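This report concerns only the one structure given below.
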Amino acid sequence: GMDQFHGTDKEYKKPEIVAGAEEKEPQNKEICLRCGKKTVENSKFCPYCGAPNMNGDFKSVPFGNFTVIDGNTPIEDDVTAEDVAKVVMLNPLRYIEKFKKLKGGHKLSFNWAALLVPHGWFAFRKMYKASFLITSLKIIANILQLPLLLQLTYIMGSNSLNPSEMLKYFAENPPEVYFLPSLLVFISFILTLSIHILSAVFADKTYKTHVVEAVRKIKASDDPDASLRKLGGLSTLGFMIA
């Protein structure tokens, strides 16, 4: 196979361009506004995600995913789309578009990730205070279910309650026996649902505030790169803990 060429001119060598691109910092440090990575100067497409390079112009390619924004687009008076892309890192294009709409008078938007795992999403995006608040409220919501569960477990002497046994219990007992515990379960359900919906609706607005503050702190910092590492990007560990 390949061994016969070992030591000769035909010996297989790994492409040097790939290794070089990883090791060498691109000179002009253009940011791809689709994937948030630094792209190489004058390349027509981002080497990481294939988005057309902006070259300072606004370009819109007929595929929604490949819309590329001018890095100088203002998000706030002192914050540009490129500043946002650096801090957001993952999926910056989505957030730049959302932040622009929020600047344009829209008060709310909708974020599916924050709907499904609000405590995790806020921690993942380094908004730890919001994540802690949501986690605390969800713990309270779970605690509210305990009285009914304990009551049913105590009455039936079993940890595995099936729905038919529970219905039988409700049918055989007067409502005042289970009214308050059942009300607490209902409140728990409403609280949990509210947490998820409110998180989804206010996620992008809260994140915009977080990103804009981060950009300003990074610009004012003595060591912008260290500040960016601390304030920008994602926290997988935060997500897992939450």
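Every read-out reported here was derived from the displayed coordinates using simple, explicitly stated rules and does not represent laboratory data. Note that the structure is predicted; figures quoted are calculated from it, not measured. Neighbour counts run over all protein chains shown; Cβ positions are idealised from the backbone, glycine included.
In region 88-127, which chymotrypsin sites (Phe, Trp or Tyr not before Pro) are in a loop and have at most 16 other Cβ atoms within 10 Å, using DSSP for the loop call?
Answer by residue number: F110.
Put one equal scatterer on each alpha carbon of region 105-197, apply the Debye formula with no solvent term, and list log10 I(q)/I(0) at q = 0.10, 0.12, 0.20 1/Å to two decimals.
Once normalised to I(0) and log-transformed, intensities are -0.40, -0.53, -0.94.
Kirkwood hydrodynamic radius of region 146-208 from all distinct Cα pairs, in Å?
Computed over region 146-208, the radius equals 13.9 Å.
For a 24 Å ceiling on Cα separation, which of these pairs sit above it: K38/K219; K100/K217; K126/K217; K37/K107; K86/K208; K103/K126?
K37/K107
Mind putting a number on the dipole of region 82-145 about its Cα centre? Charges go on the C-beta only, +1 for Lys and Arg and -1 for Asp and Glu, and I need it in Debye to the nearest 20.
For region 82-145, the charge dipole is close to 140 debye.
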